[in-house]
1. Just for the Cα atoms in the chain, what are the lengths along the principal axes, largest first, rounded to whole Å?
2. Helix 193-217 versus the longest principal axis of the chain: what is the Cα-based angle in degrees, 0 to 90, to the nearest 10?
3. Starting with the highest mean, order 192-198, 225-231, 156-162, 383-389 by the number of other Cβ atoms within 10 Å, averaged over the residues of each peptide.
4. Report, in deg cm²/dmol and to the nearest 500, the calculated mean residue ellipticity at 222 nm for the chain, where each DSSP H run with n ≥ 4 adds -39500 (n - 2.57) and the sum is divided by the residue count.
5. Listed highest first by mean packing, meaning other Cβ atoms within 10 Å per residue, what order do 93-102, 405-414 come in?
6. Ranked highest first by the average count of other Cβ atoms within 10 Å around their residues, in what order do 301-308, 51-58, 130-137, 67-74 fall?
7. How much of the pair distance distribution for the range 1-87 lies past 21 Å, counting alpha-carbon pairs only, in percent?
8. Which percent, to the nearest 5, of DSSP beta bridges fully inside the chain are antiparallel?
């Protein structure tokens, strides 16, 4: 009888695990890697949480989910929150075969009533169970980064305790999921590698406590992530690039401000610098400081009546940038604004050869029946760069931050003592692998491949 425990680590990266193992920081991972099947799991394009976890738990391409980012532009140039439609997730297939499931959070998927078992995110539980609800300390914007990191780690420890108590009770559930966003959250809150190492150490300590329970009960273990985290040196602003080649036009008041911003950079007087720093253009930034602008304010900066295409997204940083053609789908868009991929690629590569690596049409990246609301192009930047959409910056900016990488993490072991084996698999292979482990036929709507026989 198959039993599987899936640990989901948002932002987990096998390369980071291997590096920390070499430093002697992760003794449990070290032992685990010796007898596991591993992969630098290939994530979605772009490697962003909401599509990546949806692909992992459904086995479907983002084009079938209709979702590649947290938000997308809608008619009238307003940001629209992306949501999954009615989808079948991997536990739904299992429940139909009378396999009870216990889902302790599935990141980006709201809890709902499943056919056999329960689904909780530690705030809500279906069906209701007060023992699975945790009053976590909430993070507020006014907190320091260090406070946010401490709370994030503490919440993970408290969730882990609930998870351990549940697994020790010898419950009948045969598929158990526990996902955490701790590594990803900590990575976006700090520039210090040491703090990220501490997040991995906490996971290692959790594994030390739960592995004996899994072995005793006969569970196999799968550790999987939606994407990885890496360090980058520079930001590249796709909209400023489009402006430079005449494909995007800022509003007139924005143009004035951009001129002032560039002039400000070459002024050496501290007094004049301060004057420019405090200068505001209310009509352009709605009385917000430039540094405090939200991504949604991009729409207030662009003159769409004379713009052909624009980059837009939540700017969850990675080297992939989402680009939309300003056609008839939008309020001021025109059919004649459409542009061919080769023309766009040639234009960007000629003007920004060190920044732009490639350009893809959406049909080259995704497929499915929900493609209409997906971006028209994806621009792949040099691996040293991460994406930026705001107009109030230069084309490139130096930065020192951790961003999403396309290589994630996959570890599988049945504790049989087999030697480590490395495989090449992607996010959308996870659902068919799980179904294969439970000896189930893979539905035709699923894009991934059943590779469970390779384990």
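Just so it is clear, none of the values below were taken in a lab; they were calculated from the coordinates. Here the structure is a predicted model, which is why all the values come from computation and not from measurement. Cβ sites come from the backbone with ideal geometry, for glycine too, and all protein chains shown count toward neighbours.
1. 68, 48, 42
2. Approximately 20 degrees, to the nearest 10.
3. So the peptides 192-198, 225-231, 156-162, 383-389, ranked by packing, come out 225-231, 383-389, 156-162, 192-198.
4. Result for the chain: -10000 deg cm²/dmol, rounded to the nearest 500.
5. Highest mean packing first, the order is 405-414, 93-102.
6. The peptides rank, most packed first, as 51-58, 67-74, 301-308, 130-137.
7. Percentage above 21 Å: 49.
8. 60
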